[in-house]
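Structure, as C-alpha coordinates:
The values are calculated or read from the model by the stated rules, or taken from the named source; none is laboratory data. These numbers were taken from a predicted model, which means no experiment stands behind them. Here the Cβ positions follow ideal geometry from the backbone for every residue, glycine too, while neighbour counts run over all protein chains shown. Calculation scope for accessible area: heavy atoms of the full protein, side chains included, ligands and nucleic acids excluded. Shrake-Rupley method; radii C 1.70, N 1.55, O 1.52, S 1.80 Å.
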Amino acid sequence: IPEDQADKLLLASWGLPKAVLEKYHSLGVVRMFEWQAECLMLGQVLEGKNLVYSAPTSAGKTLVAELLILKRVLETRKKALLILPFVSVAKEKKCYLQ
(Lines give C-alpha, C1' and ligand atoms only; values in the text may rest on other atoms or scores of the structure.)
Protein backbone atom coordinates (compact mmCIF):
# COMPACT_ATOMS: atom_id res chain seq x y z
CA ILE A 1 0.00 0.00 0.00
CA PRO A 2 1.42 3.41 -0.91
CA GLU A 3 2.45 5.64 2.01
CA ASP A 4 -0.32 8.13 1.23
CA GLN A 5 -2.94 5.39 1.72
CA ALA A 6 -1.57 3.89 4.94
CA ASP A 7 -4.71 5.03 6.75
CA LYS A 8 -6.63 2.41 4.72
CA LEU A 9 -5.21 -0.20 7.11
CA LEU A 10 -7.43 1.21 9.86
CA LEU A 11 -10.99 -0.10 9.94
CA ALA A 12 -12.15 3.37 10.94
CA SER A 13 -11.16 4.72 7.52
CA TRP A 14 -13.71 2.61 5.62
CA GLY A 15 -16.85 4.55 6.56
CA LEU A 16 -18.36 1.93 8.83
CA PRO A 17 -20.85 2.97 11.52
CA LYS A 18 -19.53 3.53 15.02
CA ALA A 19 -21.41 0.49 16.38
CA VAL A 20 -19.75 -1.78 13.82
CA LEU A 21 -16.30 -0.36 14.57
CA GLU A 22 -16.87 -0.77 18.31
CA LYS A 23 -17.80 -4.42 17.82
CA TYR A 24 -14.67 -5.11 15.77
CA HIS A 25 -12.56 -3.21 18.31
CA SER A 26 -14.02 -5.28 21.15
CA LEU A 27 -12.83 -8.35 19.25
CA GLY A 28 -9.35 -6.83 18.92
CA VAL A 29 -9.69 -5.91 15.25
CA VAL A 30 -8.56 -2.32 14.69
CA ARG A 31 -6.24 -2.66 11.69
CA MET A 32 -6.17 -4.82 8.59
CA PHE A 33 -3.25 -6.52 6.97
CA GLU A 34 -1.94 -4.78 3.85
CA TRP A 35 -3.26 -7.54 1.58
CA GLN A 36 -6.76 -7.09 3.01
CA ALA A 37 -6.79 -3.37 2.29
CA GLU A 38 -5.39 -4.04 -1.18
CA CYS A 39 -8.31 -6.41 -1.87
CA LEU A 40 -10.79 -3.70 -0.89
CA MET A 41 -9.07 -1.12 -3.10
CA LEU A 42 -8.93 -3.28 -6.24
CA GLY A 43 -10.88 -2.09 -9.25
CA GLN A 44 -14.53 -1.56 -8.49
CA VAL A 45 -14.86 -4.10 -5.70
CA LEU A 46 -16.51 -1.57 -3.40
CA GLU A 47 -19.10 -0.87 -6.09
CA GLY A 48 -20.15 -4.52 -6.20
CA LYS A 49 -17.76 -5.99 -8.76
CA ASN A 50 -16.41 -9.48 -8.17
CA LEU A 51 -13.32 -10.32 -6.18
CA VAL A 52 -11.49 -13.63 -6.06
CA TYR A 53 -8.72 -13.95 -3.51
CA SER A 54 -6.88 -16.73 -1.76
CA ALA A 55 -5.03 -16.88 1.54
CA PRO A 56 -4.10 -19.57 4.07
CA THR A 57 -6.46 -20.68 6.82
CA SER A 58 -6.86 -18.03 9.55
CA ALA A 59 -5.21 -15.34 7.41
CA GLY A 60 -8.19 -12.99 7.53
CA LYS A 61 -10.21 -13.76 4.42
CA THR A 62 -13.50 -13.49 6.28
CA LEU A 63 -12.81 -9.90 7.35
CA VAL A 64 -12.51 -8.83 3.72
CA ALA A 65 -15.83 -10.49 2.88
CA GLU A 66 -17.54 -9.01 5.94
CA LEU A 67 -16.38 -5.49 5.18
CA LEU A 68 -17.51 -5.75 1.57
CA ILE A 69 -20.89 -7.09 2.65
CA LEU A 70 -21.39 -4.55 5.43
CA LYS A 71 -20.47 -1.59 3.24
CA ARG A 72 -22.70 -2.79 0.42
CA VAL A 73 -25.70 -3.48 2.68
CA LEU A 74 -25.36 -0.16 4.47
CA GLU A 75 -24.94 1.85 1.27
CA THR A 76 -27.62 0.17 -0.85
CA ARG A 77 -30.04 -0.88 1.92
CA LYS A 78 -30.32 -4.26 0.22
CA LYS A 79 -29.95 -7.68 1.77
CA ALA A 80 -26.89 -9.88 1.44
CA LEU A 81 -26.32 -13.59 1.65
CA LEU A 82 -23.23 -14.83 3.46
CA ILE A 83 -22.52 -18.51 2.95
CA LEU A 84 -20.27 -20.14 5.53
CA PRO A 85 -18.82 -23.65 5.52
CA PHE A 86 -19.70 -24.77 9.06
CA VAL A 87 -22.65 -24.36 11.42
CA SER A 88 -20.32 -23.28 14.23
CA VAL A 89 -18.87 -20.49 12.10
CA ALA A 90 -22.36 -19.45 11.00
CA LYS A 91 -23.51 -19.22 14.64
CA GLU A 92 -20.45 -17.18 15.57
CA LYS A 93 -20.98 -14.74 12.70
CA LYS A 94 -24.68 -14.45 13.44
CA CYS A 95 -23.95 -13.40 17.01
CA TYR A 96 -21.65 -10.55 16.21
CA LEU A 97 -23.10 -9.38 12.91
CA GLN A 98 -26.46 -8.78 14.58
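Using helices alone, what [θ] at 222 nm do you get for the chain, with -39,500 (n - 2.57) per DSSP H run of 4 or more residues, divided over all residues and rounded to the nearest 500?
Details: 4 runs with 44 residues, N = 98.
That comes out to -13500 deg cm²/dmol.
Just the number, please: carbon plus sulfur as a percent of the accessible area of the chain, 1.4 Å probe, no ligands or DNA/RNA counted. Working shown, then result.
Numbers: 3970 of 6990 Å².
Within the chain, the accessible surface is 57 percent carbon and sulfur.
Rounded to two decimal places and with Rh computed the Kirkwood way over Cα pairs, what is Rg over Rh for the chain? Before the final figure, lay out the partial values.
Working: Rg = 13.4 Å, Rh = 14.3 Å.
Result: Rg/Rh = 0.93.
Counting only trypsin sites (Lys or Arg not before Pro) that are in a DSSP loop and have at most 14 other C-beta atoms within 10 Å, tell me the longest site-free stretch of the chain. It would help to have the intermediate numbers written out before the result.
Details: sites that count: LYS49, ARG77, LYS78, LYS79.
Between exposed loop sites, the widest span is 1-48.
At 1.4 Å probe size, with every protein chain present, just tell me what the per residue accessible area of the stretch 3-97 comes to in Å².
71 Å²
List the aspartates and glutamates whose Cα lies under 14 Å from the Cα of LYS8, skipping any in the same chain that are fewer than 8 positions away.
GLU34, GLU38
How much length would be gained if the chain were fully extended between GLU22 and SER54, taking 0.36 nm per residue of separation minus their Cα-Cα distance, in nm to one decimal?
Working: separation 32, 0.36 × 32 = 11.52 nm, distance 2.75 nm.
Between GLU22 and SER54, full extension yields 8.8 nm more.
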